[in-house]
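Input: a single structure, listed below in structure tokens.
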Amino acid sequence: MSKGCMIVCDGGNGAGKSTVLQSIEHHLIAQGRDPVMTREPGGTPIGEKIREVLLDRGSSEMFDVTELMLFAAARAQHVREKILPAINSGKIVVSDRFDSATVSFQHYGRGLPLNLIRQLNDIATDGFKPDITIILDLDPAAGLKRVHSRGSELDRMEQENLQFLQKARTGYLEQAKDDPDHFIVIDASKPLEIVISEAIRIVDQVVSKSYSQRPSFT
Ligand SMILES: Nc1ncnc2c1ncn2[C@@H]1O[C@H](COP(=O)(O)OP(=O)(O)O)[C@@H](O)[C@H]1O
Ligand SMILES: [Mg+2]
């Protein structure tokens with residue numbers, strides 16, 4: 001069986017990840033594909049329980065290293081239970097956030113050592129890397145405004161101060177600069193239709209590349 005591929009959409013809160021991912025899902029379904037839509041933290045029953053602990057505003061006592069390990073634990077389960085089986089059966093996996101978020105928030109935001117985070121990410125993912133990570137880049141203040149207008153309550157991570165969210169934004173841009181083969185940045189302050197069409201163009205490229213690499217006789 002030929003392998004599938006994995007596309008991640010990441011970025012700050014309110015940048016438009018959920019909205020864009022919905023359009024990507026519709027687009028892939030319209031092409032007759034059967035994408036596996038998932039998210040982090042979460043994506044599995046165990047991961048969703050860890051998500052509740054992580055995002056609960058009542059978890060205000062959480063230490064940075066506890067937070068890091070919970071994200072990693074949820075990811076370890078996610079990769080083994082859901083992502084790798086789907087990829088191995090030829091599916092396209094599309095995730096709302098993945099390992100790039102841990103580098104941005106726990107290293108650039110919280111200041112935990114990058115080598116520790118990379119090591120934990122490697123253990124969690126068993127060395128697996130997404131084909132592409134699309135970063136929706138937006139000023140965190142604008143993102144918070146959008147979250148407010150969406151009418152939802154801020155979770156524990158979203159209610160962090162702007163300085164922390166700004167550092168995380170820098171973290172996404174740095175990762176994209178350091179690894180242009182695996183990251184692409186979209187200016188998420190542009191009108192939604194433009195952001196969506198840019199994201200879909202990238203998805204189409206990655207999917208067609210992944211399919212063209214498949215041996216034609218299988
Ligand atoms: N490019 C955009 N321009 C204006 N509003 C947007 C744009 N992208 C998303 N939004 C709106 O901002 C809000 C937050 O979007 P959402 O997809 O929930 O963000 P995220 O999942 O990244 O937190 C939603 O109400 C959405 O309709
Ligand atoms: Mg969202």
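Coordinate-derived values only; no laboratory data. Not measured: the values here are computed from a predicted model. Counting neighbours? That spans all protein chains shown, and the Cβs are built from the backbone with ideal geometry, glycine included.
Any residue at all in segment 179-188 that is loosely packed, with under 14 Cβ neighbours inside 10 Å and in a helix (DSSP H, G or I)? So far as segment 179-188 goes, no, none of its residues is loosely packed, with under 14 Cβ neighbours inside 10 Å and in a helix (DSSP H, G or I). Here segment 31-75 is the region considered, the condition is being of a type in the set (D, E) and crowded, with 19+ Cβ neighbours inside 10 Å, and the residue that is nearest to A86 (Cα to Cα) is E40. Just checking, does segment 146-166 include any residue being among the small types (G, A, S), in a helix (DSSP H, G or I) and crowded, with 17+ Cβ neighbours inside 10 Å? Looking through segment 146-166, none of the residues is among the small types (G, A, S), in a helix (DSSP H, G or I) and crowded, with 17+ Cβ neighbours inside 10 Å. Within segment 102-137, being buried (at least 24 other Cβ atoms within 10 Å of the Cβ) and aliphatic (A, V, I, L, M) holds for I134, I135, L136. Each residue in segment 141-189 was checked for being touching a Leu at 6+ places or on another chain (Cβ under 6 Å) and within 12 Å of ligand 1 (Cβ to nearest atom), and 4 pass. V94 - would you say it is within 16 Å of ligand 1 (Cβ to nearest atom) and farther than 25 Å from E160 by Cβ? Judged against the criteria, V94 is a match. For segment 34-50, taking the residues that are within 15 Å of ligand 2 (Cβ to nearest atom) and of a type outside the set (V, I, T), the one that is farthest from L70 (Cα to Cα) is identified as M37.
The number of residues in segment 1-30 that are within 17 Å of I184 (Cβ to Cβ), surrounded by fewer than 20 Cβ atoms within 10 Å (Cβ to Cβ) and either among the charged types (D, E, K, R) or more than 13 Å from ligand 1 (Cβ to nearest atom) (or both) comes to 1.
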